[in-house]
Structures are given as C-alpha cells and as structure tokens.
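All remarks here apply to the structure that follows.
The values are calculated or read from the model by the stated rules, or taken from the named source; none is laboratory data. All of these numbers come straight from a predicted model, not from anything done at the bench. A quick note on method: Cβ atoms are made from the backbone with ideal geometry, for glycine too, and the neighbour counts reach across all protein chains shown. Remember, those area values only see protein heavy atoms, side chains included, never the ligands or the DNA or RNA. Shrake-Rupley method; radii C 1.70, N 1.55, O 1.52, S 1.80 Å.
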Amino acid sequence: MIYVTRLLTDTAMAQVRALGEVRAGGDDPPARAELLERAEGARAVVCTLTERIDAEFLDAAGPRLEVVANVAVGYDNIDVPAATERGVRVTNTPGVLDGATADLTMALILAASRRVLDGDRLLRSRTPWVWGPRMLLGLDLSAGATLGIVGYGRIGRAVARRARAFDLKILATPSSAPPGDEPVEIVDLDTLLERSDVVSLHCPLTPGTRHLIDERALARMKPTSVLVNTARGGIVDERALVTALRTGVIAAAGLDVFEGEPSVNPALLELGNVVITPHIGSAGTVTRERMCGLAVANVADVLSGAAPRTPVN
Ligand code: GLV
C-alpha cells in the first residue's frame, strides 16, 4: 500500500495509482492521529512539507515502509537520521522548482522595493491622489543596487540570473556547489548583510541556519534595505524582524514563509512595509506537476528495487 497524505495533481494521482493500492488523503493536511493511523502498513509514503515525519511516524508506519517521498525540495519536516536508522529511503524534489521559486522571489523583491502594495492600498482606499515628485518613493533596483543571496545553490543561482536582467550587482555567501560563470562576488554573511540593498534567503532550514537572521544580523543591514524570504520561516527570528521593521532598522520585507506556518505573526499583518504571500514559491501549475511527478517516480524507483533518482539519504 502507498499512503499519499494529501491529494496530488490529477496526473500524479493517476501515476501513483498505477503503482498499486493507494490510501489517499484529501486537500487538507491530515490531523496527527489520522496521519499515524493511515500510515500503518504502508510500503511507501508520499507526503508534503505539512507532515512531520519523525520516529513516531516511522514506527506507526511499521517495518514494511521502504520510502518516504517528500513533495518539496526542503525536507526539514523529516527526521532523516531516524529514517536511515530504519532503512527507509527519503527523497525530495530538487531542480524542478528553481524557476518558479526564483520568479516569486523576484515578485517579492519588486513589490517590496517599489511599494507596489502601498500603491494598491492607496487606490483601493479611494484616497484622493495625484502624481507627485515625492510620492511613494522606493528602492531603485536598477540604479546600482546590490542583491545579497544567502544560500547560493540552485534556487539562489536562478534568482541571480533573473537579477542580472535588473542590473543588480550580486553578492552571495560561500556555497559547496561548483562555481558558475555568473558575475557574483562571494563574501561572508556579515559583509553581505552590510553591503546589500536587498537580502534574499535561499538556504535550507537546518539547526545551523535556524534564526540565522536574528537581531544582530538585522542590525548589520542598511536602514534602506529589504529582506526577502522564500526559503523557510525558521531561518528568520520573526520577533526580531517585526521590531526591525517597526523601528526602521530595515525598510521592508517580502515573506513567503513563516516561523509558525500556517499561522502568521499578527504583528506582520499590521505592518505596511511587509509583502506577504502564503508559501506559494513553487505554486506554478507546471512546477507542481513536476514536483508531484518526481515524488511518484521516486516511489516507483524504490518499489521496483532501484535507487531513487533524487535521494536525500
Ligand atoms: C517548498 O517550500 C519546497 O521546499 O519545495
């Protein structure tokens, strides 16, 4: 039996059903008790980032479990060592969502820098307005601004390619990936924070990156700068960010991810200098087909005795 915790795209549901008996969830994430109960006896689990896959879950699934295929590139929802100990393969969906996530990153960079939502709110509030030389001024990306990319992997590089078209100078933190031929200056995090007009986060959430952007890091940023996070909420200390945005330590933020998802810190909702979206970085129609398809392909690989194509462990 293959347990699919939430409904995938129609195509992927058909593909997974072709592999054998499927126990499928619905549109919403299952409650914890239901998740544990429905996993029992599964040979494969296809899950999303809303499910916590830990030792308790793996034990509830039982000894038949061979693979957990996450429909996401990030896998901070999965206790990988616990899976490895039990001989369970874990897979993710790298590569297929770089473009979509980079596109949304650019949308947030542009919206936060150029005060798109302030303009939208102004008009919707029916406030009388007239063009003015001092009206709604924002950060000029193409007048020599610098973008700092924290986490220069596949998605960070996709953002850099797009940013070049906006004439942004690009800084990035050191990466283990082989250097590309992009004109990017590699600098340490503190230098990046000090020199960037826009800081965009693209590293995974790990114990080492939790609250990487804390009060101290925010204090290093320019008061005119913008912070964008399309990676994971936990990388930013949200309380420190709220204070920084309130007190002018930084100018604005664009956030697609939150520390306590799906709840959003109410203070963020009150701030006019924040653009927020509900974790839709990879929410393109084609991208979601690719993500779901890749997760199912990983299950097919493992159930047929082959190595999964995008393994985590
Ligand atoms: C989405 O957040 C992902 O990790 O794919």
Worksheet entry | Count - residues of the range 55-73 that are within 16 Å of the ligand (Cβ to nearest atom) and open to solvent by less than 20 Å² (accessible area, probe 1.4 Å) | 5
Worksheet item: Restricting attention to the range 1-21, which residues are hydrophobic (A, V, I, L, M, F, W, C) and open to solvent by 30 Å² or more (accessible area, probe 1.4 Å)?
Response: M1, L7, A14, A18, L19
Discussion item. Here's a check for you: in the range 40-54, which residue that is open to solvent by 60 Å² or more (accessible area, probe 1.4 Å) and away from the ligand (no atom under 12 Å from the Cβ) is farthest from L97 (Cα to Cα)?
Written reply: E40
Discussion item. Looking only at the range 146-179, how many residues end up being of a type in the set (G, A, S), outside any strand (DSSP E or B) and in contact with a helix residue (DSSP H, G or I) (Cβ under 6 Å, 6 or more places away or on another chain)?
Written reply: 1
Discussion item. If V198 meets every condition in (1) surrounded by fewer than 20 Cβ atoms within 10 Å (Cβ to Cβ); (2) in contact with a helix residue (DSSP H, G or I) (Cβ under 8 Å, 6 or more places away or on another chain) apart from one, which number is that one?
Written reply: (1)
Response to the item:
Of (1) surrounded by 19 or more Cβ atoms within 10 Å (Cβ to Cβ); (2) within 16 Å of the ligand (Cβ to nearest atom); (3) over 20 Å from I78 (Cβ atoms), E289 fails just (1)
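Yes or no, residue by residue, for (1) farther than 27 Å from V312 by Cα; (2) at pLDDT below 95; (3) surrounded by fewer than 21 Cβ atoms within 10 Å (Cβ to Cβ); (4) not polar (S, T, N, Q):
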{"residue": "V130", "(1), (2), (3), (4)": "yes, no, yes, yes"}
{"residue": "T146", "(1), (2), (3), (4)": "yes, no, yes, no"}
{"residue": "K169", "(1), (2), (3), (4)": "yes, no, yes, yes"}
{"residue": "P179", "(1), (2), (3), (4)": "no, yes, yes, yes"}
{"residue": "V187", "(1), (2), (3), (4)": "yes, no, yes, yes"}
{"residue": "D214", "(1), (2), (3), (4)": "yes, no, yes, yes"}
{"residue": "M221", "(1), (2), (3), (4)": "yes, no, no, yes"}
{"residue": "V228", "(1), (2), (3), (4)": "no, no, no, yes"}
Fill in: Residue check for V299: outside any helix (DSSP H, G or I) and surrounded by 23 or more Cβ atoms within 10 Å (Cβ to Cβ)
no
Practice prompt. Answer with yes or no whether R121 is outside any loop (DSSP other than H, G, I, E, B) and either within 16 Å of the ligand (Cβ to nearest atom) or loosely packed, with under 14 Cβ neighbours inside 10 Å (or both).
Written response: yes
Worksheet item: Got a sec? Which of A102, A82 is aliphatic (A, V, I, L, M), farther than 22 Å from P207 by Cα and open to solvent by less than 40 Å² (accessible area, probe 1.4 Å)?
Response: A102
Item to complete: Looking for whichever is more than 16 Å from the ligand (Cβ to nearest atom) and either within 30 Å of A14 (Cα to Cα) or in contact with a Pro (Cβ under 7 Å, 6 or more places away or on another chain) (or both) here; the options are A251, A283. Which one fits?
Response: A251
